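Asks: One structure, pasted below without further comment.
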Amino acid sequence: MGQIIDGKKISAMIKEELKERVKQWKDKGIEGTLAVIQVGSDPASSVYVGNKKKACAYCGLNSLSYELKEETTEEELLALIEKLNKDEKVNGILVQLPVPRQIREDRIIQAISPEKDVDGFHPQNVGKLVIGEQGFVSCTPAGIIQLLKRSGIEISGKNCVVVGRSNIVGKPMAILMLRENATVTVAHSKTQNLKDICKTADILIVAIGKPQFITADYIKEGAVVIDVGIHRDEHNKLCGDVKYDEVAEHTSYITPVPGGVGPMTIAMLMHNCVESMEAGRGADQ
């Protein structure tokens with residue numbers, strides 16, 4: 001049976017470290033602020049926004065909350081982003097996705113200043129990631145790197161298969177694993193011989209977006225399995241992209257759903273906010 005990687009515990013450790021960093025800046029009279037914008041009242045988005053505000057409060061960061069009506073126009077949202085870009089007190093800007101249909105997601109992502117793009121979605125930050133420069137990294141992939149490192153899992157020289165090629169998880173995840181000297185294969189829903197490719201993985205990272213898709217016959221004995229998916233099964237219980245009960249006994253380490261990757265995403269968002277605060281204020285000290 002694989003050892004469970006406890007994302008709640010590791011994220012709590014990271015938030016404690018950040019809390020201490022924030023306190024040290026507060027003692028110098030410097031505070032960090034995250035602006036969170038939600039358009040419409042999607043219930044899942046409201047839960048995520050609430051969790052982000054709670055995490056800010058815990059770490060000692062201020063949060064500004066903008067709850068806009070469902071019918072908000074793209075121009076109105078862009079005007080608010082521009083105002084926050086210019087506000088020196090705001091270190092991070094986050095627009096909760098998805099946005100309503102009348103608003104183009106790519107325009108919103110590109111409108112946020114790269115220096116305040118704590119989600120790590122701006123093309124400039126993605127480009128910096130690709131060429132190995134300093135910039136904000138998408139929170140879920142950054143969180144997975146922390147899960148592996150803080151669990152003492154060796155990445156360098158290992159075969160890693162990333163199942164999924166989204167801009168938010170799959171692509172940045174592959175680049176981060178390359179940066180850690182893994183040998184990386186990116187697979188996806190159209191990959192032929194997916195099962196055979198997954199079985200080559202020492203570290204299998206699954207972000208395919210299909211509930212319980214990965215079963216035991218995709219797993220190399222003793223592999224590390226990271227499950228990014230989150231769904232509800234036929235009994236309305238939370239589950240991931242991996243059939244956990246079946247897969248766990250063939251792994252050396254595995255993340256549960258919930259309580260694995262999920263908590264890390266918000267911890268790394270807080271990390272990016274603190275980094276932004278330090279980058280903006282550090283030169284003054």
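Results for (1) free of Cβ contacts under 8 Å to residues at least 60 places away in the same chain; (2) in a loop (DSSP other than H, G, I, E, B); (3) touching a Gly at 6+ places or on another chain (Cβ under 8 Å), shown as yes or no for each residue.
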{"residue": "A174", "(1), (2), (3)": "yes, no, no"}
{"residue": "V186", "(1), (2), (3)": "yes, no, yes"}
{"residue": "G209", "(1), (2), (3)": "yes, yes, yes"}
{"residue": "E221", "(1), (2), (3)": "yes, yes, no"}
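Asks: Something else: From H271, H235, which residue is more than 22 Å from S189 (Cβ to Cβ), exposed (fewer than 15 other Cβ atoms within 10 Å of the Cβ), out of contact with any Phe, Trp or Tyr (no Cβ under 7 Å at 6 or more places or on another chain) and not charged (D, E, K, R)?
Replies: Residue meeting the stated conditions: H235.
Asks: Then there's this: Would you please list the contacts, defined by Cβ atoms under 8 Å and residues six or more apart or on different chains, that run from a residue in region 116-135 that is of a type in the set (K, R) to a residue that is in a loop (DSSP other than H, G, I, E, B)?
Replies: K116/V90; K116/N91; K128/Q134; K128/G135
Asks: Which residue, of Q102, Q146, is surrounded by fewer than 22 Cβ atoms within 10 Å (Cβ to Cβ) and outside any loop (DSSP other than H, G, I, E, B)?
Replies: Going through Q102, Q146 in turn, the sole match is Q146.
Asks: Please find, among L34, L84, L64, the residue that is hydrophobic (A, V, I, L, M, F, W, C), part of a strand (DSSP E or B) and more than 18 Å from the chain's Cα centre (by Cα).
Replies: Residue meeting the stated conditions: L64.
Asks: Just wondering, is there one or more residues in region 144-162 that are under 17 Å from A207 (Cβ atoms) and among the hydroxyl-bearing types (S, T, Y)?
Replies: No, that holds for no residue.
Asks: Restricting the search to region 211-237, which residues are among the charged types (D, E, K, R) and modelled with pLDDT under 95? Working first, answer last.
Replies: Restricting attention to region 211-237, the residues satisfying the condition of being among the charged types (D, E, K, R) are 217, 220-221, 227, 232-234, 237.
Those that are among the charged types (D, E, K, R) and modelled with pLDDT under 95: R232, D233, E234, K237.
Asks: Can you pull out every residue in region 1-29 that is closer than 14 Å to C273 by Cα and β-branched (V, I, T)?
Replies: I14, V22
The values are calculated or read from the model by the stated rules, or taken from the named source; none is laboratory data. In this text the structure is predicted, and so the values were computed from the model without any measurement. Neighbour counts are summed over all protein chains in view; Cβ atoms, including those assigned to glycine, are modelled from backbone coordinates with ideal geometry.
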